[in-house]
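Beneath this line is the structure, given in C-alpha cells, with notes to follow.
Bear in mind that the values in this text are calculations on the coordinates, not laboratory data. Owing to the predicted nature of the structure, the values given are computational and were not obtained by experimental measurement. Note: ideal-geometry Cβ built from the backbone for every residue, glycine included; neighbour counts use all protein chains shown.
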Amino acid sequence: MTRLSLRHNPLGLLFSGSLWAAAWYLLSYLFTGSVLFAVVLAAAVLGMGLSFTLIGLVMLVVADVVIRACAEVERVRLAIVSTEPVRRAYRDTAGQTWPARLRTRWTDPALWRDIAYLSGLYPLLLALDAAVLCIWLTSLAGITIPAWYAKISNGCVGVCLHGDTGVRFGTVSIDTLSRSLVLAAICLAAFLLFSYVVVATAKLHGAIARSLLRPPADPLRGARDVLRRPGPLTSAGRLQAVAGPDQRSGPPGPS
C-alpha cells in the first residue's frame, strides 16, 4: 500500500509527508538509479560477453549476485513510498549442481524482471524524474526572485540576463520590485500545483518498481483460497462434534 496521498489541498500537501517523501524518492533515484544501472550493465555485459569461457561462467555467477543485490537496494528504497515490503521471488537452486544452478538462475524470469527495471527502464524513469524535479525546483527558486533580482549584473543564470540589473525572460524584463513580486506569485502557484505532479510521478515510479521487483501474481491464488476455507461439510461436522454423541445418534427409539 502506498504512503503517498493526493487528497490534500495545495497548502496541506506542502506540509504533508507525501510531498517530501515523493521528492526524496525521485531525487535519490537520480543518484542510486544511475549507479545501479552502471553496475548492472557492466556485470551483465561482462558475464554474457565472456560466457563461452570458464572465466565468463564465473562472471555469470558474479553478475547474478550483483544484479540481485542491486534489485534488493531498490526494494529497500520502495519503503519510502510504500508501506508493504516487497520480498524476493527467485527460483530455488538448493541441491542442484553448479551448471544446473547457473542455468536455473539465468533462466529465472524474476532475474530478467530485475534487469528490465534496473537497466531497460532506467533511461525513461531517469528522464521522467529529472524533468519533473527540474520544473518543480525551478518554480521553487522563482519564489525567491524579489530577494536577488536587483543584485544580478551582466550574467546569465538559466535565462540570459541583460542590462545593468534585473532578469530578462524572453521580452519581459524583471527589473522592478513589482514585476519580481508578480513573477514570484506565479512561481508560487506553479510550485504548489506542480507538487501534485511530483507525488503522482513518485506513485507511478513506485508502482512500476513494485510490479517488476515483486513475485508475479499467482493465477491459482483464488482457487487455493477457496479450498482453504471451511465448506458446508466441515461446518456440519463441527456442529455434530459440539452436539455430543447422543444428539449425533438421533432420537432414542421406543423401549
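Values for this structure:
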quantity: Around Ala202: net Lys/Arg minus Asp/Glu count, Cβ-Cβ under 13 Å; calculated: +3
quantity: Gained length - Thr144 relative to Ser28, 0.36 nm times residue gap less alpha-carbon distance; calculated: 39.3 nm
quantity: Residue-span extension gain [Ile135 to Ala189] - 0.36 nm each, minus C-alpha spacing; calculated: 18.2 nm
